[in-house]
Amino acid sequence: MWSRIYHMIVKEFLQLRRDRYARIRLIVPPLVQMVMFGYAATFEVHSVATALVDRDNSQESRDLVTRFTASGRFEIVAAARADADLAQLIDRGQVTVAIQIHPGFAARLRKGVAAPVQILVDGTNSNTALIALGYIRRITEQFANEYAANAVARVAAARLQTAPSVELAERPWYNPSFESRWFFVPGVIGSLMLVITVNLTAFAVVREREIGTLEQVMVTPIRSMEFILGKTLPSFLVGLIEATLITLVGILWFQVPFRGNPLVLLLGVSLFLTCTLGMGLLISTLCKTQQQAFASSFFILTPGFTLSGFSFPIASMPVVMQWLTYLNPLRYLLVVLRGTFLKGVGLGVLWPQMLAMALIGATVLSISIFRFRKSLD
């Protein structure tokens, strides 16, 4: 038995060695995608196109505008004169944010009353709009607090020294500088592994059936179970190599810290591969051609990516969708990746994710093997 499985594994690697384009597809696209997503995927917003209407033209209003431009988050690209100009700029998509400072802004501040600033935001891209509003709120609050503190200091400096105050001591854990790349890169690793490994098994078996070599192999003394193991084990090894490669890119190129145990990460990746290889094998039992396998893979890859929590928070999804995420192995792998990379936690914390992937992998592999043997018969 093991001799026949060994020869099947050797056959797969020999076929991979002869197919130069297959080797290129396994190495170049994942690296290119890793670099592209690593740089492009971010929650941070920089240089938001901003229009300004300063009808006060005071030292205070100019100080507030300077704080916006100095933050690096906003770039003043237009200075409008009327409300109609602001609306036109937003309608044309030339600006995302418009800041309007009304007359009497400085006078109201000096009197100690509220001085409103109108902010118009293009809500077409709700994510950018919400992040930009958060930056605006933080800048204006800091300006107001500093202005109020300076005003009180001028009036009652001695009393201010003895006035009680609350000092906020921030201590972010695991990601002190709030680098969004540290959050996204582990997610990109998991997403790329999902795409690569599902297609590995699905296309490998379907290709054998399409060119007619599957029947030739099955007339040999090899059993169906041995054939399945001979097909999936090389894909498993290739998946481990791919995972190692893109993980090293994340650590060495993007400087994402790895604080955990590599063996814990290896266990999580191995369990995830059993799930994805089972999914690919299931696709291969339902499809006759590579075109069908390519189209069918989207029914697994797209929901798997969407329901993983990589870019869309699971807590914000409808309850039904949240329940469906428990069937998604990528959801658990992302917890393992971020836990080992950023937190350095071990099996004592990650065992629920490991157990979930083991159960999903065993179930999917069992169904796929049963379907595959039935299709061969």
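Out of the residues in the range 155-191 meeting the condition of being assigned to a loop (DSSP other than H, G, I, E, B) and closer than 20 Å to Leu333 by Cβ, tell me which one is modelled with the highest pLDDT. Result: Tyr174.
Gln255 falls short of the stated requirement of being touching a Phe, Trp or Tyr at 6+ places or on another chain (Cβ under 8 Å) and modelled with pLDDT under 90.
A quick yes/no check of all residues on (1) in a strand (DSSP E or B); (2) under 30 Å from Gln88 (Cα atoms); (3) of a type in the set (Lys, Arg):
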residue	(1), (2), (3)
Ile27	no, no, no
Gln33	no, no, no
Asn57	no, yes, no
Arg62	no, yes, yes
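Any residue at all in the range 222-234 that's open to solvent by 20 Å² or more (accessible area, probe 1.4 Å), assigned to a helix (DSSP H, G or I) and modelled with pLDDT of 85 or more? Scanning the range 222-234 turns up no residue that is open to solvent by 20 Å² or more (accessible area, probe 1.4 Å), assigned to a helix (DSSP H, G or I) and modelled with pLDDT of 85 or more. Right, Gly339: among the small types (Gly, Ala, Ser), surrounded by fewer than 21 Cβ atoms within 10 Å (Cβ to Cβ) and closer than 26 Å to Phe37 by Cα or not? Answer is no for this residue. Would you mind stating whether Leu240 is open to solvent by 60 Å² or more (accessible area, probe 1.4 Å) and modelled with pLDDT of 85 or more? No, not satisfied.
Selection of the range 334-352 for residues being in a helix (DSSP H, G or I), under 20 Å from the mean Cα position of the chain (by Cα) and in contact (Cβ under 8 Å) with a residue 24 or more places away in the chain yields Leu334, Val336, Leu337, Arg338, Gly339, Thr340, Phe341, Leu342, Lys343, Leu350.
Scanning the range 36-51 turns up at least one residue that is at pLDDT 85 or above and either out of contact with any Ser or Thr (no Cβ under 8 Å at 6 or more places or on another chain) or not in a strand (DSSP E or B) (or both). Just one of the listed residues (Val35, Val65) is under 15 Å from Ile119 (Cβ atoms) and open to solvent by less than 60 Å² (accessible area, probe 1.4 Å), and it is Val65.
Taken across the range 70-85, residues that are closer than 29 Å to Ser126 by Cβ, open to solvent by 60 Å² or more (accessible area, probe 1.4 Å) and among the polar types (S, T, N, Q) do not occur at all. Selection of the range 114-136 for residues being open to solvent by 70 Å² or more (accessible area, probe 1.4 Å) and either closer than 24 Å to Asn57 by Cβ or in contact with a Pro (Cβ under 8 Å, 6 or more places away or on another chain) (or both) yields Ala114, Pro116, Gln118. Condition check for Asp56 on (1) touching a residue at least 60 places away in the same chain (Cβ under 8 Å); (2) over 30 Å from Ile241 (Cα atoms); (3) not basic (Lys, Arg): one failure, at (1).
The values are calculated or read from the model by the stated rules, or taken from the named source; none is laboratory data. Computed from a prediction, not measured in an experiment: that's the story for all the values here. Quick reminder, even Gly has a Cβ in these numbers, built from the backbone with ideal geometry, and neighbours come from all protein chains shown. Surface accessibility is based on the protein's heavy atoms, side chains included, excluding ligands, DNA and RNA. Shrake-Rupley method; radii C 1.70, N 1.55, O 1.52, S 1.80 Å.
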